[in-house]
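The values are calculated or read from the model by the stated rules, or taken from the named source; none is laboratory data. Given the structure is predicted, the values throughout are model-derived calculations rather than measurements. Virtual Cβ from ideal backbone geometry, glycine too; neighbours counted across all protein chains shown.
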Amino acid sequence: MRSVADVELSPPTVRGWPSPSAWEDEVIYFLLVDRFSDGAEDGFLDATGAPVPGRTPPYRPSDNGTAVATAPGAARWRDAGQSWVGGTLRGARSKLGYVRRLGATAIWLSPVLRQVTAPAGQPASYHGYGTQNFLEIDPHFGTAEDLRALVDEAHAMELRVILDVILNHTGDVFGYAVQADHNTGALTDQPSYSPTPYQVAGWRTPGGALVPFTAAGAAGVFPDGAVWPAELTDPATFSARGRIRNWDDEEETTAGDFETLKDVHHGAGDVDHYRVSPALTTLTRCYQYWLGFADLDGMRVDTVKHMDRGATRYFASAMHEYAQTLGKDRFYLIGEVAGSRELGVEVQELTGVDAVLGLGAAAAGLVATATGAGDPAPSYFDLFRNSELIGKDSHAWLRDRVVTSVDDHDQIRQGRDHKARFAATPAGPQRALAVLALNVLTLGIPCLYYGSEQLLDGEGGDDRYIREAMFGGEFGPFRTRDRHVFDETAPTYREIRAILDVRRAEPALRRGRQYLREISGDGSTFGPPTGFGGPVRSVVGWSRILADTEVLCLINTDVDQPRSAWVVVDAGLTPPGSVLSRLYASDPAAAPTLTAQDRAGTSAVQVTVAPGGVAVYR
């Protein structure tokens, strides 16, 4: 479509798939469409659990590294990671059974709208964050009907679908004129941030040529050049202030370009008196269209931290109101807000987004806790406490306000020059179950990054290495080519499924308050788990409490030996003499029951957890 005026937003006669009553009940599975599935894997299981024949054989451990065994082969594999690999919406649809059987209840799709065409020799926009047309699906991924069919089948399987969307910027749709850089004075067509706009040379075309930076110039290169819909071809759509250089400057990171991505001007004014730009109105209408067309359940909004608060509030209000006309009373907007708890809470309160992705370095703290690299209280559990600091009086306020994860597609916390999945770290495979259990059994809406359940171990100098193609192709997992890893017999997949079965059955694990428990080695002196300045090698236990139910969760941060400890429980709910039954244990030999005893004036249970193990009792 050329114009947003062509979009029909009248509510359909059939109401949309209803929203969940509580989003903290959900478990999200995030996948990059290009890197997930092409539907041609041999032996994967369909929605009914029946095997499907295909051309790509399953991965075997002996395949590890075969694509990089020679220098030319390694170069070919690395180069493939910068381009389209071949995952599609139809491929993702074919794996809904895989995702559902794992225990996830919602799928987060990476952006699927039409992307810019990369110049020869430049990385492709396979990830979806370089949009060129906001009203079309990128043909690499499929068609609009493919998206709708995926959502329809997901709903039939009681899976919700969250679409990743971008408001902050477009792809690299125009080029700057050669001019003096504001900061260096050097002549360049790649200027760094300036408080005032730079001169633009013209709209980009797929062949690399530039055409006049006008609506008429854009019309001459439709549909492959410039930006669409037509309402965005007004040059006033863009801030045109050059690349962000100082990532700590709020004005610069709000109005500057992310590398070659072009910043959209959303409007002006404070949050209560924000004057919305035509560009933001257009983008909002585009996303309302996709909400209704595909019957989406939520959206993850990219780079909210770098948007004006007033712009985010406008978008959140418009999307929520439109969703209500479709019967979606809890259409969920998840904002990407990397930063402190205070910032995350502020953004939610001021803008109306329903949750934030990450909070106060939650992912890093989660990993530090599960690996024993940091004391659990300051590293992770305190992020969910201290009601005075976040201005909320409930221990469980964050349960549906933050999306937690271990791995993701850009690993911002690791910096710009090195990226690695958790399983690539020393002892990562042995620690994976504990870290994933900590993720899904603590407060927040847990999100699993595709392939974590198969221990994918991508590592390298940029984002491509943590974006392996699960289905194989030229950039396959474990440095292979043409091998897939949709293995439902894999140990980590099976154990996560068992843990998520328990989470689904126990409301306290989804909605309950959360308390890090003190431990003791001798049963008389208790304190929070600590490494006393070194690694923590012990049992870490926490309780989830809802009404009169206490569920005790345990992990062992030591992967070399079992660890035993006395762990405090709630003396009112679980007084001495109470018996807790095992709901799950990674070690089949774990005690089937625990009996609370009076230890040093408190109620406690004595537990033993296997190396790198997990256990849950109620």
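For residue 147, only one of the following conditions fails: (1) farther than 23 Å from residue 229 by Cα; (2) in contact with a strand residue (DSSP E or B) (Cβ under 9 Å, 6 or more places away or on another chain); (3) not in a strand (DSSP E or B). What is its number?
If we test residue 147 against (1) farther than 23 Å from residue 229 by Cα; (2) in contact with a strand residue (DSSP E or B) (Cβ under 9 Å, 6 or more places away or on another chain); (3) not in a strand (DSSP E or B), just (1) comes out false.
Considering only the range 563-589, how many residues are crowded, with 17+ Cβ neighbours inside 10 Å and under 17 Å from residue 519 (Cβ atoms)? If you could, list the steps in order and put the result at the bottom.
Pass one, the range 563-589, residues crowded, with 17+ Cβ neighbours inside 10 Å: 563, 565-570, 574, 578, 580, 583-586.
Of the ones still in play, those that are also under 17 Å from residue 519 (Cβ atoms) are 563, 565-570, 574, 580.
Residues in the range 563-589 being crowded, with 17+ Cβ neighbours inside 10 Å and under 17 Å from residue 519 (Cβ atoms): 9 in total.
Could you list, ordered by first residue, the pairs with Cβ atoms under 8 Å in which the first is in the range 166-191 and under 12 Å from residue 227 (Cα atoms) and at pLDDT below 95 and the second is of a type in the set (A, V, I, L, M, F, W, C) and not in a loop (DSSP other than H, G, I, E, B), at least 6 apart or interchain?
none
Identify, please: which residue in the range 474-522 is within 22 Å of the chain's Cα centre (by Cα) and of a type in the set (Phe, Trp, Tyr) and is, among those, nearest to residue 399 (Cα to Cα)?
The qualifying residue nearest to residue 399 (Cα to Cα) is 493.
Is at least one residue of the range 397-406 at pLDDT 95 or above and within 22 Å of residue 558 (Cβ to Cβ)?
Scanning the range 397-406, I find no residue that is at pLDDT 95 or above and within 22 Å of residue 558 (Cβ to Cβ), so the answer is no.
Could you say which residue among 297, 272 is surrounded by 23 or more Cβ atoms within 10 Å (Cβ to Cβ) and in the same structural domain as residue 118 (by TED's automatic domain parsing)?
Details: 272 fails: surrounded by 23 or more Cβ atoms within 10 Å (Cβ to Cβ).
Among 297, 272, only 297 is surrounded by 23 or more Cβ atoms within 10 Å (Cβ to Cβ) and in the same structural domain as residue 118 (by TED's automatic domain parsing).
What is the residue count in the range 517-537 for residues that are surrounded by 22 or more Cβ atoms within 10 Å (Cβ to Cβ) and not in a loop (DSSP other than H, G, I, E, B)? Steps first, please.
Going residue by residue through the range 517-537, those that are surrounded by 22 or more Cβ atoms within 10 Å (Cβ to Cβ) are 517, 519, 529, 536.
From the residues that got through so far, the ones that are not in a loop (DSSP other than H, G, I, E, B) too are 519.
Of the residues in the range 517-537, 1 are surrounded by 22 or more Cβ atoms within 10 Å (Cβ to Cβ) and not in a loop (DSSP other than H, G, I, E, B).
Of the numbered conditions (1) assigned to a loop (DSSP other than H, G, I, E, B); (2) modelled with pLDDT under 90; (3) surrounded by 24 or more Cβ atoms within 10 Å (Cβ to Cβ), residue 344 fails exactly one; give the number of that condition.
(1)
Hydrophobic (A, V, I, L, M, F, W, C), surrounded by 19 or more Cβ atoms within 10 Å (Cβ to Cβ), under 30 Å from residue 200 (Cα atoms) and at pLDDT below 95: does that describe residue 124? Before you say what the answer is, go through the steps one by one.
Values: hydrophobic (A, V, I, L, M, F, W, C): yes; surrounded by 19 or more Cβ atoms within 10 Å (Cβ to Cβ): no; under 30 Å from residue 200 (Cα atoms): yes; at pLDDT below 95: yes.
Judged against the criteria, residue 124 is not a match.
Restricting the range 438-484 to residues that are hydroxyl-bearing (Ser, Thr, Tyr) and not in a helix (DSSP H, G or I), which is surrounded by the most Cβ atoms within 10 Å (Cβ to Cβ)? I'd like the intermediate steps shown before the answer.
Going through the range 438-484, the residues hydroxyl-bearing (Ser, Thr, Tyr) turn out to be 442, 449-450, 452, 465, 480.
So of that shortlist, the ones also not in a helix (DSSP H, G or I) come out as 442, 449-450, 480.
Values: 442: 24, 449: 23, 450: 27, 480: 23.
Within the range 438-484, the match that is surrounded by the most Cβ atoms within 10 Å (Cβ to Cβ) is 450.
What's the total number of residues in the range 308-341 that are over 30 Å from residue 365 (Cβ atoms), part of a helix (DSSP H, G or I) and not aliphatic (A, V, I, L, M)?
Going through the range 308-341 one residue at a time, the tally reaches 8.
Tally time: how many residues in the range 163-201 are closer than 30 Å to residue 447 by Cα, in a loop (DSSP other than H, G, I, E, B) and out of contact with any Gly (no Cβ under 7 Å at 6 or more places or on another chain)?
3
Hey, can you tell me all the residues within the range 390-431 that are of a type in the set (Val, Ile, Thr), within 17 Å of the chain's Cα centre (by Cα) and not in a loop (DSSP other than H, G, I, E, B)? Full working, then the answer.
Here is the first cut: in the range 390-431, the ones of a type in the set (Val, Ile, Thr) are 390, 402-404, 406, 412, 425.
Then drop every residue that is not within 17 Å of the chain's Cα centre (by Cα), which leaves 402-404, 406, 412.
Within the range 390-431, 402, 403, 404, 412 qualify.
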